[in-house]
Every structure is written in structure tokens, then in C-alpha cells.
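Input: a single structure, listed below in C-alpha cells.
Bear in mind that the values in this text are calculations on the coordinates, not laboratory data. It should be emphasised that the depicted structure is a prediction, and the values quoted were computed from it without experimental measurement. Positions of Cβ are generated from backbone atoms using ideal geometry, with glycine treated the same way; all protein chains shown enter the neighbour counts.
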Amino acid sequence: MWRLAILQVMESGYRDRTMKIRFLVTVLFMTSLMSGCSQKQSQLSIHGGEFQRHLKLAEQGGADAQNKLGWMYVRGQRISQDYKEAAKWFRRSSGQGHVHAQYNLGQIYFQGKGVSRDYKEAIKWFRVSAEKGNVDAQNKLGWMYVKGQGVKANNKEAIKWFRVSAEKGNVDAQNKLGWMYVKGQGVKANNKEAIKWFRKSAEKGSVDAQNNLGVMYFNGRGLSQDYVRAYMFFNVAAERGNKDAERKKSIVAKQMTLAQIEKAKDLSIKWVQNQYCWDTDIGDCRKKAEQGDAGAQYDLGLMYDNGQGVAQDYKEAVKWYKHSAEQGHAEAQNALGIVYANGQSVSQDYEEAAKWYRKAAEQGVVNAQYELGLLYAKGQAVPRDFVMAHMFWTVSAISGHQDAEKNRDIIAKNMTVEQRKESEKLVREWMQKHK
């Protein structure tokens, strides 16, 4: 029988801290809220002046400007690419405790660009950033423990850091954690646990995880062998350029009938279109939800919310979100917060929104953290408090929420040094409590 191997995925390059998150954009609000900031201060010029503005702020000691200046030198953005200058500015920003600059400085040493390659120095900065909650640094630290780069190889330490990063939603860490469970490295081999993490990563768009799920279905590891679903996952990954998945798709197709291949292609379309409960019919999904499955309840809520597979019905969506949220499903709690904040098929209720956002935020949902920041900035259901807004946006930004990072930087201009220090203290306390 054919057997396919799990793909070991390498990670490289800088992370621009982007991720797909379902959230409400509130640019107009932030513009009006920070009316004391001129457009020149709060917006970047597209046609010039951006570099000079960051350079001025960086030379005045602005840690965020120093990090952004380093990033501009890495990318050669409106200036000549210069890794030595990038390293200089990342180093200055890192010295002030900037969590993303510390990660970027680690990458500089890891890749040996602008400096001599030094894994020990790289792991030093990855660790500093990881301990402050940077999910990319946590993931990188885990990989260096796997490879024994700058540190003695230690799969248990690798598992620890992959898990911390994966639980906060890092897609690559989720895939790597699945791979560790398949291989039994640093943890007892467990194919079902591997599938859980591959699925989480695959659902967020990781082609490597999609490819790995295809392998699990093809080989019948941790679940029943299923060529249709194997082909489906290989097809989805192959369509996004994964050559290994393309090759494996050809292999599994030799074991299938034409009808099975057509069914697999249909499932591929449902997956790509984000149709929830994609691998079951609506009846099976509803049955699971009615039996109390929190994940199925959330999926059913999404289906009604988006009109996918069923007629759009916001009241039904709220019903199933609530069932799921009350069982502690973090994404359902976030969805319920959005419903109450918008007054979608329910009376607008910011207190209820804040309640559910907080529950989700405590479980690491970055959009909920971002939305809580907005509530504090606006003074909706909570006292207007720039310190708390800055704190929640910082926590969200650490996990990669770009709008949170932008809003934090804007609001910081209207805060005193003491207020910013208080926010930093609250961030440390939050990260320690919600590890």
C-alpha cells in the first residue's frame, strides 16, 4: 500500500505580523477620537517623507520608529536595502524593550544578514521576545530547540514553545505541533492530537497543514482511511502552489474512481469558500450541535450568520453562538460580543458585548482584545480609559493584530509617560496571568 510522509516544514524570514482576523474596522472613529493629532502625525505619506519622519522619531529615541526604520532597511522600502543599518535600529529598539524589534533582531542574527550569523545571539533575542508573548518568537524558539541551533536540542522545550504559540493561534506553530505529535518527538506519539493541530492550522490557510491532513487521511492515521478527503486536502494545498501536495494528489487519484474524484473536488470548493461543517451535511452538523457539541454549535451559528448552506438567519446564528459561548468556546464568545456590539438581531448592548469580549480575550482571542480596547477608548459600557485601551491594544498587537498596533500608537500620543508605564505594567500582568 502506498504510504505518504508528513512534510517537515521549515520556517524562515521576517514576519510582518499579519493574520486574517474577523473584526470591525474603526478607522473613522480613531481619526475623530484623536483629533488632536494632525494627519501628518497619524498617517504615513505614500509619496515620500515617510523615511525622514521615522528617522527623526527614531533619533529622538522612539522605540517603535526605530523598529519600523529597521524594517524599512530590511525591505529596501524607499531607501537602499541595508541590513547593517537594519541591525543597528533593531538593536536600539530592542534595548528599549520593543517586543517586535527583539524578534527582528533575532532574525538578523539567525540569517547572518548585516552581522555574522550567530545562533546563540539569535536565540537570546527570540527568548526575550517570546517571554513577552510574541507568538512568532515562541514558534521560532521552538524550532531552534528542534534543530539544536544556538542551544542543545531539546524536543520537550520545543513542544513547550510550539504549544504556547499554537494556543495563541500561530498557524505555523500549530502545524509544527501536529508534526511533533506524529513523530512522537518530545511528546508521546498521538495521531488524533496531531490531526487536531493540523486541522486548526489548515483552517487558517496553512498549505503545509492541508498537505499533512491529506497524508493522515491517505494513510488512515488517527482516523479512518479516506481517499476522498485525502484528495480534497491535497487539491486545496496544490491549488495554492504546494508542489508536494500536487504530487501526492496524483498518487491518491490512482486509487479512486472518477465519482470519488468529483466528490473530492466538490469538497475542495466548499473548503475554499469557508463553508462550515464542510465535511458533513447540514443534518449531521445540526445533530451534533443539538447533542451539545460546542464546535458544531459555533459552526452552525456561522452558517446562519453568513447564509452558507442555509438561509441567512441572524436570530438562529445568535442562538447557536450563545449555546457554544456558554460552554466556553472562545470564538463563539467573540462572535457573540460582535453581535451585541452591532445590535444584530438583538438590542444593542455594550455591557453584554464587553462581557463576552472579555471572556474571549482571556482565552487569547486577539480580536476580542482589540474590541475591548475600542470599548475603553470610547467609554462604552466601561469608563473611558486610555490606559486600559492602550493595554488591550498592546496585548492584541503582540499576537499580530495590525489595527490594534496602529490604534495603540495613535492613542499613545495622547498619554503621559506615567500612563504609558502603567499600561506596560498591566500588559505584563495580563500576559503572566493568561499564559
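When the C-alpha to C-alpha distance is required to be over 19 Å, the pairs from K168/K435; K168/K319; K156/K359 that qualify are K168/K319; K156/K359.
Working note: 222 nm ellipticity from helices only, DSSP H runs with n ≥ 4, each -39,500 (n - 2.57), summed and divided by the residues of the chain, gives -21000 deg cm²/dmol to the nearest 500. Using only alpha carbons, segment 275-362 has a radius of gyration to Kirkwood radius ratio (Rg to Rh) of 0.97.
Roughly how many whole Å is it from the C-alpha centroid of segment 283-302 to that of segment 119-141? After rounding, the separation between the Cα centres reads 38 Å.
Shown here: semi-axes √(5λ) of the Cα gyration tensor in Å, derived from the displayed model; of the candidates (1) 37, 30, 19; (2) 39, 23, 21; (3) 75, 58, 19, it corresponds to (1). Scaling against 2.2 N^0.38 Å puts the C-alpha radius of gyration of segment 364-435 at 0.98. Scoring 374-382, 164-172, 392-400 by mean Cβ neighbours within 10 Å over their residues and listing the highest first yields 392-400, 164-172, 374-382.
The alpha-carbon of K263 sits under 26 angstrom from the alpha-carbons of these lysines, leaving out residues fewer than 8 places away in its chain: K192, K196, K200, K204, K243, K248, K249, K254, K287, K288.
Rounded to the nearest 20, the Cβ-based charge dipole of the chain about its Cα centre (Lys and Arg +1, Asp and Glu -1) stands at 1540 debye. What's the FRET efficiency of A189 with D118 using the Cβ-Cβ distance as r and R₀ = 51 Å, to the nearest 0.05? The calculated FRET efficiency here is 0.90. The alpha-carbon of K84 sits under 18 angstrom from the alpha-carbons of these aspartates and glutamates, leaving out residues fewer than 8 places away in its chain: E59, D118, E121.
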